[in-house]
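Reviewing the structure listed below.
The values are calculated or read from the model by the stated rules, or taken from the named source; none is laboratory data. Bear in mind the structure is a predicted one, so any value in this text is a computation, not a measurement. Here the Cβ is made from the backbone with ideal geometry for all residues, glycine too, and neighbour counts use every protein chain on show. Just so you know, the surface numbers come from the protein's heavy atoms only, side chains and all, with ligands and any DNA or RNA stripped out. Shrake-Rupley method; radii C 1.70, N 1.55, O 1.52, S 1.80 Å.
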Amino acid sequence: FLSDCLSVCVPVSLFVQSGSGCLVSRHVDSGEEVDDDGSPKKKRRTVVRMERPRAVAIQFQGINTTDITAVSKMFSGLEFYVVNGPSEFSKADIEREIAAHGGSLVQSPTDQTFCVLADRLVARVRSVISMSCYDVVLVSWLRACLDAKKLLPFLPGHMLHSSPATAGKFAQEFDEFGDNFTEPITDEQLQATFQTIAEKGADVSVSQEEILEIEQRYLGQSSVTGLFVVCLFGFI
């Protein structure tokens, strides 16, 4: 019968806490894991981390377009991403104007984005420029469209960055200072061109002989303004 008996240490180890000598009433399931001394293994606590939903800063949020009254279809079919605007014409104001004239809005550029609108260079604008695939346009272009009440083409002076396609078009139609080869120029555009020349340090001195040559080439004696261009008069 001795072979069927258990050592006294085995049952005692199941009911007595190690080192305390106190009897406990814990029931040990047959399938529960135990340590070498027979006491149940401590279960590891599962820590559940509650992640807070990420909020988008107010200045980067889009507007609610459901209550906007349609004004025209000027921007119909065009998708815009507005980054920022001047203090008197905020991002929200710009988005309302675009929506009122039929345009759609996104808060991150996609492969369907017509252009990215911004008033100043910030981290988000630089990030878009680094992609080198979007036209990043000044808000002044949008204002010009609203004033003219029609969709206007981009001009070099409107751009913070040009996509490869737009840059190629500009190279065919404009010189390095933004002056169009064929289209008439306004006083404001001419002043802007001169400003660009000065900013790029491209000012050059022209002699009187060179001025005369230019006048003869482009005015000639057939023009009223160039009738006496090569003549020198003396009055007594």
5 angstrom amide H check on LEU117, placed H, neighbours 5+ away: TYR81, VAL82, VAL83, VAL137
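Can you compute the charge dipole magnitude of segment 171-214 about its Cα centre, using +1 on each Lys and Arg Cβ and -1 on each Asp and Glu Cβ, nothing else charged? Give it in debye, rounded to the nearest 20.
Numbers: 1 positive and 12 negative charges, 22 e Å.
I would put it at about 100 debye.
Just to make sure I understand: if all protein chains stay in place, what is the order of ILE214, ILE197, ILE94 by accessible area at 1.4 Å, largest first? Please report the intermediate quantities before stating the final value.
Details: ILE214 85, ILE197 35, ILE94 0 Å².
From most exposed to least exposed: ILE214, ILE197, ILE94.
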Karplus 3J(HN,Hα) series, Hz, for segment 74-86 with 6.51 cos²θ - 1.76 cosθ + 1.60 (x for Gly, Pro): 4, 9, 4, x, 10, 10, 10, 10, 9, 8, 7, x, x
Taking the Cα-to-Cβ direction at PHE235 and at ILE214 and moving 7 Å from each Cα, how far apart do the two end points lie in nm? 2.7
Label-point separation, LEU121 to CYS133 (7 Å along Cα→Cβ), nm: 2.3
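For segment 63-212, with only Lys/Arg (+1) and Asp/Glu (-1) charged at the beta-carbon, what is the dipole magnitude about the Cα centre, in debye rounded to 20? Write out the running numbers ahead of the final one.
Values: 11 positive and 21 negative charges, 157 e Å.
It works out to roughly 760 debye.
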From the Cα centre of segment 154-215 to that of segment 111-152, the distance in Å is 21
So, taking all protein chains as they sit and a 1.4 Å probe, how much accessible area belongs to THR110, in Å² rounded to tens? 50
Would you pull out the residues with amide H under 5 Å of SER163's amide H, same chain only if 5 or more places away, H placed 1.01 Å from N? ASP135, VAL136
Amide H neighbours of HIS101 under 5 Å, counting only residues 5+ apart in sequence or on other chains, H built in-plane at 1.01 Å? VAL71, SER72
For THR166, solvent-accessible area (1.4 Å; no DNA, RNA or ligand), Å²: 20
What accessible area, in Å² to the nearest ten, does a 1.4 Å probe give for LEU146? 40
